[in-house]
Each structure stands twice: as C-alpha cells, then as structure tokens.
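The values are calculated or read from the model by the stated rules, or taken from the named source; none is laboratory data. Bear in mind the structure is a predicted one, so any value in this text is a computation, not a measurement. Don't worry about glycine lacking a Cβ; one is built from the backbone with ideal geometry, like all the others, and counts go over all protein chains shown. Calculation scope for accessible area: heavy atoms of the full protein, side chains included, ligands and nucleic acids excluded. Shrake-Rupley method; radii C 1.70, N 1.55, O 1.52, S 1.80 Å.
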Amino acid sequence: MIPKDLTRPDKLLFKGIKTLTGIPRSMYTEQKTKAKAKAELAFIGEKKVEKVDTQLYIFTPGNYTLEENLLGFPAFQTVQSDHNAWLNFHGLHEVPLVEKIGDMLQLDRLMIRQILDTTQRPKVEIDEQHLFLNIKAILNDEHGALLVEHMSFVMGPNYLVSFQEEKGDHFESIRHKITEGVGFIRKRSIDYLLVQLLDAILDNFFSAIDTLNEECALLEKAILRNPDEETTLALENLKRSAQSIKKALGPFREVLLNILNEDSGLIRKENIRYFKDLINTTTSAIDEIDNTQKTLESLTNIYFASLSQKMNEIMKVLTTVATIFIPLTFVAGIYGMNFDYMPELSMRYGYFFVLGIMLLVSVVMVIYFKRKKWI
C-alpha cells in the first residue's frame, strides 16, 4: 500500500529535504577501534530497539510451539532430531545474549563478531555444522522512508537462528504459515524455511522498488509543473534510495550463488531449485532497480531541460519588453535634446501627437511579434 503522503508531491519533496539534510550513516569507526583495542565482542551499529526480543518456534508437520522473550534456551538446546526449530532475535545490542547463543551453536568468534557488526558486507560461510550468512534487507517504514537492516542467519541440520536489528514485517507471513500450518514450511527441512525467509526479504525489495517508482511518477509531475530547488533535493533523495537498493541486491545475489556453489549437506537436493529461483528473482529485482535508476537519470535531464525552458521563457519576455521600449526610448531621446528651434515644440498638441506615435509603434511591434510567434 502506498503511504498517504505519496499522493502529494509537496510531501514527497519535504521528505526528500529531510533525508538529504540528515546525518549520513556512520561507519562507526570509533566503536570498532575501541572493540579491537579491548579485544572483546561489541555491538557495532545503532541501537534500534530498547530491549532484545526473541521468538522460538519448534514445529513438526502436525503441530508447533512458540516461546517468546527467552532468557535461556533450554528448549532450543534439547530440540529433537525430528523437529525443526526457528529462533529469531529482534535487536543485536545485548552482546552477552548473542554470545550465549553463539557458544551454544559452537560458532567461532569471527562469526559472532560479524553478527554484531551491522557494517559488515553480505557474505556466506559454510562448514560441516553450520551455514552462516548475513545480508542487507530493505524495508519501507510507515512514513515511506527507506530503511536498511543488517540481518544474519545461522542454519544447522534442524535449526535456524535469525538476527534482526529491529522489528519489521519481513517475516509476518512466515509466522502465519507456521502457526496455521499453511504451505510446506512445517512439512519440509529447515533449509526450506531459510528459502522462505530470504524470499520474504526479496518481496520487500520489490515493494520498496514499487514505492520508489510511484515517487518517480509524482516527482515527474512536480518537475513538469514547477522545477525548483526542492525538486532537486527530492530527485537526489530518490537517487540515493535507488543506489541503496542496488547496493544491497548485488551482494544478496552473490550470497545465493555462493550457497549453490558450495557442496554442503545442509542444503537438500530437492530444495536447490528454490535457491535457483531466488537467484532469478534477485536478478529480476536488479533489472527493476536498474530501470528505476535510468528513469531517475531521465528525470534529471527533464529537470534541467525544464529549467532551461523556464529561463528561456523569462528571457523571451524580458527581451520583448526591452525591444518594445527601444524605439520609445529613441523618440523620447530626440525630444529630450535641448535645442531652441524644434518645430514640434511649438505645436499645441505636439505632446499628445508624439505619445500617440509611441503607442502606435508599441502596438505594431506587439502585433508583429505575435504573427512571428515570438510571444
């Protein structure tokens, strides 16, 4: 659904101004330096939720259980081999909690550090016990602003742990399928759940691209109606949003390709085709955002062309006015000369006669300009 403010170009322009004048995303260099100096694990990023929330789904084809806001993970540790478990985190800033689940899964320290570092580039690592990957997810908030979220996944033989920076609607449909027994998530292996989670993230990419295209259409109308500085800011904001989406999609596809290139028993043969389909979907999303970027470049050209045309119209009006006054200034200059013997000076109606001539000259010039379609 398109946010209400997108139906008004002025709201779109204001949002562009607000985004462009905000503080850019920091690389958190100081946080990284301090963590390295102390040789300890640390959260690198912006705290986006007050408290870390957790949800643990344990399910079989016939039923499921749900535990929320866990302090410990006894049920997760003792999950039976014929059950699948999905543990999800909302928030990454509570380092001891993330470290605890990392120790439980026997993750090496580098993996835990990559989960906690929201500036990490997307990547995938596969060993005998785990499939680890992190990606950048895109989501539009309720105001239509574009949010970029760092997400990590750790998958084992029958469990999947996902880490999100904040609460969002990425996985609401997945939770519904698990609780209602809809689809095949409860009936298939855990790697199928990973496919579904990644597919849900891709759906939000397409949603963000659609919203961006809607904003482009509104901005085009604003450009054609009245190109100004606010339009420029909004246009640059859309370009930055498109670049953020493109920057996230490229590594996303790389991660999927690397998963298929690795020979791992964690990916079932019957689910490989779903990963291939995700790659095709990602490629389609990249094509879509490429088209959007081309549209934005076209809008930039239209913007400058509109500005040039607007300036030409102004110059044409000013030139026309100046041209009309040139002969009037000439006549006024002649009768402004200080000669004693000027015949017209002694005429009783000479003043009005000269004014009539000046008016006639102005009217004739305006008619001539109109016939030439100069005005």
Quiz prompt | Accessible-area composition of the chain, carbon plus sulfur, in percent [1.4 Å probe] | solution = 56
Quiz prompt | Within the range 88-113, backbone nitrogen closer than 15 Å to the virtual label 7 Å beyond the Cα of K32 toward Cβ | solution = 113
Practice problem: For N226 and T65, compute 0.36 nm times the residue count separating them, minus their Cα-Cα distance, and round to one decimal in nm. | Solution: 52.2 nm
Practice problem: Step through the residues of the range 271-278 one at a time and calculate ³J(HN,Hα) from phi using the Karplus curve (6.51 cos²θ - 1.76 cosθ + 1.60, θ = phi - 60°), rounding each to whole Hz and writing x for Gly and Pro. | Solution: 9, 4, 5, 6, 5, 4, 5, 4
Exercise. Hey, could you get me the Stokes-Einstein D for the range 60-207, Kirkwood radius over alpha-carbon pairs, 37 °C and 0.692 mPa s, rounded to whole µm² s⁻¹?
Key: 205
Self-check item: C-alpha long axis of helix 29-38 to longest principal axis of the chain, angle in °
Solution: 30
Quiz item: How large is ³J(HN,Hα) for each residue in the range 50-63, as worked out from phi by the Karplus curve 6.51 cos²θ - 1.76 cosθ + 1.60 (θ = phi - 60°), to whole Hz, x for Gly and Pro?
Solution: 6, 9, 6, 9, 10, 9, 10, 9, 10, 9, 10, x, x, 7
Practice problem: Using amide H atoms built 1.01 Å from N in the peptide plane, name the residues 5+ places from L147, or on other chains, whose amide H lies under 5 Å from its own. | Solution: L139, N140, D141
Quiz prompt | Gain upon complete extension [L147, V366; 0.36 nm per residue less C-alpha separation] | solution = 73.2 nm
Quiz item: Can you give the helix-only mean residue ellipticity at 222 nm for the chain, where every DSSP H stretch with n ≥ 4 adds -39500 (n - 2.57) and the sum goes over all residues, rounded to the nearest 500 deg cm²/dmol?
Solution: -19000 deg cm²/dmol
Exercise. May I ask for the percentage of alpha-carbon pairs in the chain that lie more than 35 Å from each other?
Key: 45
Self-check item: Å² per residue, accessible surface of the chain at 1.4 Å
Solution: 56
Quiz item: Quick one: which of K100/K123; K48/K187; K239/K276; K136/K276 span more than 28 angstrom between C-alpha atoms?
Solution: K48/K187; K239/K276
Quiz prompt | Backbone N under 19 Å from the A322 label point (7 Å along Cα→Cβ), restricted to the range 292-309 | solution = 308-309
